[in-house]
Amino acid sequence: MKMFFFKKTNCYFTVFCILVLMLFFTVNKGFSEEEEEVIRKNQAIEDINGNTNLKVSIETTLKTETEHVGKLKKQLSDLRETDRILSTEMNAYKVRLSGYGNILVSPKIQIEDIEKAWADTNAALTSISDTLKYLVQNRDVVRQSLEQAEEQYELNEKQLLDINTDVSDISEIQTLVDNFQSLIKLLSFKIQYLEELHKIYTEKIDQLEDIQKAFTEFSGKFDEQIKLRKKEALFKRKESPLLLQNWKQVREELILLFSQSLLLFSKNFWSDMVRTLWKTSDLLLVTALVLFGIIQIALLRIRRYFIQLGQVRFLPEQYPWRHFILQIFRRSLLLLGTTLFVYFYAHLRNFYSTIPVIRLVFHILLTWLFSQWSLVFLKLWNQRGKYPVPGPLVFRLRILIILIRSFAIVYLVISWLVGESSIILFFVRIPFEISLLVWCILSWKTFRKSMTDPDRSPRLSKMQYFLMELSYLIVGGGIISEFAGYGSLAIYWYTSWACTAVSLLWGGLFFFLLYEWNKRFKTSASTLPETSAKPADPLKWLFLQICWLIWLGIFSISLFFAWGAKQAVIIGFFKLLSKNMTLGGMNLSFLGFVYGIIILLCTHAATRVWKNTLIKKILAHSGLRSGLKESITTLTIYLLWLFGILISLSIIGVNTTSLTVVFGALGIGLGFGLQNIFNNFISGIILLFERPIQVGDAVEINGIWGEVRKINVRSTLVQTYDNASLIIPNADFISSQVTNWSFRDARIRRIITVGVAYGSDTEAVRQTLLEIAEKQFTVLKYPGPSVLFTDFGDSALIFKLRFWTDVDNCLIAESDIRFEIDRLFRKRNIQIPFPQRDIHIRSEENKGE
């Protein structure tokens, strides 16, 4: 019925629609052509009125784009002028590149000229990099503007086509069309100018990138050449400057030194340097100065904090080496911060290679810092009180440090002014080396006098003897190299030993710091029981081991750098350590073993932390029994160790195929000598899952009582009540009979047998025994105690007192009850009889009868 109603309704609706359409066509057909023209014009006027906002927008856009095109035209003109300047600069760069090529191929060129060319190359690279950055930014802006202009051009053309231009007699529409055409023409000019700008930028960027690549290659070649020349200079013998034909050169270099020294005090020198810095850094130089001031203020606050830290927390009596290092850092903190700031900022802005005076300032700061560390160390060492250095020897050591510092600064300044190959440097080194020799002789005499002191420590005397012998070796090696004509080798020798001394100083300080920390850690760990160990202890232990590895690595690297090893040597050394060695199907390396050990150490610390966290945090309020908690903890620890071992083996280089071979060999070994170990291992897994015994259970094995303390992989640790530790293989718990007194219930029933004399009041005996049991706090109230009259003995009436207690208190409860039975029986005249026996004695006479 409902379907019929819907069909009928649809039919009526269709007929109605047909009638409406017929009426519409009939009415529309009645319009004449004049009427249609009027309707069309009215519609056009309505469109014009509706497009008022479009007209205003087009006029505003026309004005804006006219200004943009004018600016682009001027920008293009300026860029063409800049293009001519850049072309001139690039031609100058090309000329310099050809000159650099001549420097590289010339065998007689001095190392100072190569260093100057290297500095010029780096300065040119900095300038080229800044110019490229500027050009690339402008090109990106032009490219973005070009894309927007092209999109706007296409949009305006599309809008122009959409405008109804058939009604040409309407002036408003014609004006709108003219505006669109003008805008499109302007956009075409804009696109043309932007394309030309983009083309010029792209061409200059490509040319500058090629020049930058060439300068980069020359910079690397110059750097390699400088290193090679310096290595050759170490073992290149030179004629003695004392020969007569060299005095003329000495005179010329003295004049050069004097003129260069006067240059340092001229305004032009410093103004040019500041101008260069400002040109290179611009506002970043001001930012760097502000940052330097902020760092100095922060270092002053840190220094004040170090003072409070040394007075409150790190006392010299408790933490001698921490206090020692803290004092050295505190006294050299400002100089250390300044040196690091100059070094990193100079490398960040490429000043280190482009402005030689920055290198000179950094080396002077570094020399002063090293000498200050040595002076502070010497002063604090004697204040420490243990193994003090004699006063006269301390005075001579201070003179030595100041002498080395003064010589290093003077030598650095002169070599910067006149070059490292100057003959004048020979006349600077000779007085210094003679002073070192005189110092060694006088200090040796002072040391020999201190050797006669009976209170002198033998260890310190041996150390001083070794240092004096080493000082003779250092001074003698330098003087021999100097007079043999190897002046550069002598400077390298002195510098390397000075850097080695600083490395040994800090390496020794941090070694004793870690030793002190390790000692305190072991002391604190030994004073606490194992159950009270804090979760943080494994992390401290792991961190301490990592610190030892870091100390060893940094100390080794510092010794490498002290003797002239560069970054490439260190990287090559680590590549050698990480080189794979193929052994069968395994790829092994030394660093792989180190990383594997670190993974195992981390696994050990993780298991310790996980054990404490799982027992004391996660399972603390779970309601599980302690034995079940221990089983869950042990199983999860086994899983952690399994993952740790697998990851460690993977890092070492043992792949799955090698593991298959290992497990295959293990399977063969199980049939021979490893079957007992494997049996115990499987038994341990069964004990953890089946839990016939758990940690904390009281068990009896071969008549010996004890408490289960730990279920390990191979064996179980049982602690007897006599404090003896029984290590029992796990297989014995599976295959042998074991009495577990607390398997399901910790309650235990005990029986005490007592006899009373015949004629005693049995009911009084019963009540007395019940009273004794009920008064004991270790006896359970439910089930309650009971008394049984079990037998008539030969000399006594036998009673048994049965009571319930727990495993931990069973022996104490029995002992206390027996004490109380003896006391109350005496008080109530209940006798405990002695055994009675009838003895019949027969004589020999009776025997004969």
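The values are calculated or read from the model by the stated rules, or taken from the named source; none is laboratory data. Keep in mind it's a predicted model, so treat the numbers as computed, not measured. Cβ sites come from the backbone with ideal geometry, for glycine too, and all protein chains shown count toward neighbours.
Side notes on the structure shown:
- When residues in region 302-323 are screened for being touching a residue at least 24 places away in the same chain (Cβ under 8 Å), within 14 Å of L380 (Cα to Cα) and not in a loop (DSSP other than H, G, I, E, B), 3 of them pass.
To keep it simple, each residue is scored yes or no on (1) more than 27 Å from Q110 (Cβ to Cβ); (2) assigned to a helix (DSSP H, G or I); (3) in contact with a helix residue (DSSP H, G or I) (Cβ under 6 Å, 6 or more places away or on another chain).
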{"position": "N179", "(1), (2), (3)": "yes, yes, yes"}
{"position": "K185", "(1), (2), (3)": "yes, yes, no"}
{"position": "D210", "(1), (2), (3)": "yes, yes, no"}
{"position": "A233", "(1), (2), (3)": "no, yes, yes"}
{"position": "K236", "(1), (2), (3)": "no, no, no"}
{"position": "Q260", "(1), (2), (3)": "no, yes, yes"}
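- Which listed residue, of S589, S578, S631, is under 27 Å from L717 (Cβ atoms), modelled with pLDDT under 75, in contact with a helix residue (DSSP H, G or I) (Cβ under 9 Å, 6 or more places away or on another chain) and not aliphatic (A, V, I, L, M): S631
- Boolean, G507 is of a type in the set (G, A, S), within 27 Å of the chain's Cα centre (by Cα) and modelled with pLDDT of 75 or more: yes
- Pairing residues of region 195-218 that are in contact (Cβ under 8 Å) with a residue 12 or more places away in the chain with residues that are of a type in the set (K, R), at Cβ distances under 8 Å and at least 6 apart in sequence or on separate chains, gives H198/R139; H198/R143; I200/R80; Y201/R139; T202/R139; I205/R139; I211/K94.
- None of V410, V389 is at pLDDT 85 or above, closer than 30 Å to R331 by Cβ and out of contact with any Ser or Thr (no Cβ under 6 Å at 6 or more places or on another chain) except V410.
- Taking every residue in region 581-599 that is within 19 Å of G644 (Cβ to Cβ) and β-branched (V, I, T) and pairing it with any residue that is at pLDDT 70 or above and part of a helix (DSSP H, G or I), at least 6 positions away or on another chain, the pairs with Cβ-Cβ distances below 7 Å are I599/G644; I599/I647; I599/S648; I599/I651.
- Test: residue in region 693-713 that is at pLDDT below 75, buried (at least 17 other Cβ atoms within 10 Å of the Cβ) and over 25 Å from I812 (Cα atoms): no
- The residues of region 42-58 that are at pLDDT 65 or above, surrounded by fewer than 14 Cβ atoms within 10 Å (Cβ to Cβ) and not polar (S, T, N, Q) amount to a single one, V56.
- Just one of the listed residues (K108, K116, K133) is assigned to a loop (DSSP other than H, G, I, E, B) and farther than 30 Å from S182 by Cα, namely K108.
- With respect to (1) farther than 22 Å from R303 by Cα; (2) under 26 Å from the mean Cα position of the chain (by Cα); (3) without any contact (Cβ under 8 Å) to a residue 40 or more places away in the chain; (4) crowded, with 18+ Cβ neighbours inside 10 Å, the lone exception for I358 is condition (2).
- Scanning region 382-389 for any residue that is assigned to a helix (DSSP H, G or I) and crowded, with 16+ Cβ neighbours inside 10 Å turns up nothing.
Rundown of residues vs (1) under 57 Å from the mean Cα position of the chain (by Cα); (2) not in a helix (DSSP H, G or I), yes/no style:
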position	(1), (2)
T716	yes, yes
I728	yes, yes
Q737	yes, yes
E771	no, no
F777	no, yes
K781	no, yes
R802	no, yes
D808	yes, no
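- Answer from I364, I404, I358 - the residue that is at pLDDT below 85, in a helix (DSSP H, G or I), under 30 Å from L262 (Cβ atoms) and not charged (D, E, K, R): I358
- The one condition in (1) surrounded by fewer than 12 Cβ atoms within 10 Å (Cβ to Cβ); (2) under 22 Å from A813 (Cα atoms); (3) of a type outside the set (A, V, I, L, M); (4) at pLDDT below 75 that S736 fails to fulfil: (2)
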